[in-house]
Amino acid sequence: MFYYLSAFLELLKFYFLFKYGYRITVRKKIVSRISVVGIMLMYSYICVYAERVNFYIYLIWISLELMLLFEYNLKKLLVFELVGICFVGMLDSLSLICIQILNISFDFGWEQTTKNVFASLVTIIFLILVFFVILKKDIAELNGIRSLNIISIFSIGLLYSLILAIIWDKFLDAEAAVPDVKIYMIFLFITLSAYYQLIILLKLEVSNKKLQKKDCMNQYLLQLQEKQYLYLENTERETKKFRHDVKNHMFILSSLCKKGDLDEATEYINQTWGKMELISSGYHVNHNIVDAILNQYVQYCKHSGINFLVKGYLPTGCKISSYDIGTIFSNILQNAFEAASVCDNKVIDMTLRFDDVCIYIQEENTYSGDIKVKGGKFVSEKEDTVNHGFGMENVKECILKYHGNWTYKKLKDKEGEKSFLLQIMLYNKQYV
């Protein structure tokens, strides 16, 4: 029974690591899950009748299980598997030392198979704490950590486990002279501190990545503001030039009307109106950051033949931080632009409203293909799902920060044209 339980726990470690650490999509097919159970039972059967399972058999078993469980590129999946084996092995070695200390200190009399099971449980508890408690809000940032930094953290953890294993074998093994229980408790504290330091290192890396991401967004918003300033400066200059010539335009139109040359007067009005349209072609919604983002996508949409419409305004006293409102608008417009640009009928329609308490954002765009949603999360259609698909997660994080909510609908008109409707509500309050 212990062998079946050990195999299940071993698979559970990799499941948590791949789903929540690497954020790889899990297969939903029942056939895959049944196959996973079947292969796990076969591996457990081999463990029962073999004195020691060869590492290559273990490697093949884990590889088959992961290929059946997760949807991802095979080569990359195998690379992640090798890294995962090193990481899980390092945690298991630390967990086993903790279990051995408890076994000796309290004289439980556990056999090696029992100690291995409890060590696996400790490792799983550690992974649950990391992914669901400590890094719950920043879990998406784990995928952005540089490989070299990950290797450094693994190396530090491996060094800890090797040093502790050597000390254990030389001085604190059960066959050696049994020292005072206090020494075991001190060693247990040192071992637990190794877990703590691994958590701190991961938290620091995630925080560093989050700061870098925020800095990139701030730089992006600063560049947009500079472009917006140049745009406004150019618009102001063109407006002044147009105002300077208004009297001349009125005189010419008056002369044409007196002559009765209505066709030429109409043509002149159309030309003048076109000049005015060029001057006032941008959007102004009462917020510099949002203006800058909207006017950037005005240019993108012009080049891609997308009909981009914006109606409404934001409140003058908008208390949402520039970073958060920039994150919301840049991500939803990027997704809308990418979706509409591959349609026959290219449309993006945005409406902004507000009242004394809330800000309302509605965005609708046409799209082709399908929009995948799994577990309440949008799934990127790009091949590299590990490094993509976080845009709407960042939007959701900002919405929750301002105690807001969002809804979305997939619509279809009588002609079969598909459109995606996103509605966001934010409380117009300042949050740290």
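The values are calculated or read from the model by the stated rules, or taken from the named source; none is laboratory data. As the structure is a computational prediction, the values presented were derived from the model and not from experiment. A quick note on method: Cβ atoms are made from the backbone with ideal geometry, for glycine too, and the neighbour counts reach across all protein chains shown. Only protein heavy atoms, including side chains, enter the accessible area calculation; ligands, DNA and RNA are left aside. Shrake-Rupley method; radii C 1.70, N 1.55, O 1.52, S 1.80 Å.
P(r) tail, region 306-371: Cα-Cα pairs separated by more than 13 Å, 67% of all pairs. For the pair PHE132 and ILE60, label points projected 7 Å from Cα toward Cβ lie 3.4 nm apart.
Database remark: amide H of VAL310 closer than 5 angstrom to the amide H of MET350 (H placed geometrically; neighbours at sequence offset of 5 or more, or on other chains; Pro and chain starts carry no H). Computed 3J(HN,Hα) for region 307-320, one whole-Hz value per residue from the Karplus formula 6.51 cos²θ - 1.76 cosθ + 1.60 where θ = phi - 60°, is 7, 9, 10, 10, 10, x, 9, 9, x, 4, x, 6, 9, 6, glycine and proline marked x. A full extension of the chain between LYS29 and THR407 corresponds to an added length of 133.3 nm, given 0.36 nm per residue minus the alpha carbon distance.
Once R0 is set to 22 Å, what does the formula 1/(1 + (r/R0)^6) return for the Cβ-Cβ distance between MET185 and LEU158, expressed as a FRET efficiency to the nearest 0.05? So the FRET efficiency works out to roughly 0.35. Taken along its principal axes, the alpha carbon cloud of region 1-102 reaches lengths of 40, 28, 22 Å, longest axis first. The candidates SER32, SER368, arranged from most to least accessible area with a 1.4 Å probe in the full protein assembly, appear as SER368, SER32. Once you've got the Cα coordinates, tell me which of LYS19/LYS396; LYS182/LYS203; LYS302/LYS429; LYS13/LYS409; LYS76/LYS396 are over 25 Å apart. Among LYS19/LYS396; LYS182/LYS203; LYS302/LYS429; LYS13/LYS409; LYS76/LYS396, the Cα-Cα distance tops 25 Å for LYS182/LYS203; LYS302/LYS429; LYS13/LYS409; LYS76/LYS396. Is the shape of region 66-108 best called rounded, prolate or oblate, per the rule: a/c under 1.5 gives rounded, else a/b larger than b/c gives prolate, else oblate, with a ≥ b ≥ c the square roots of the Cα gyration tensor eigenvalues? It is prolate, given that a/c is not under 1.5 and a/b is the larger ratio. Cβ-Cβ distance of GLN423 and TYR300, R₀ of 35 Å, FRET efficiency by 1/(1 + (r/R0)^6): the value works out to about 0.90.
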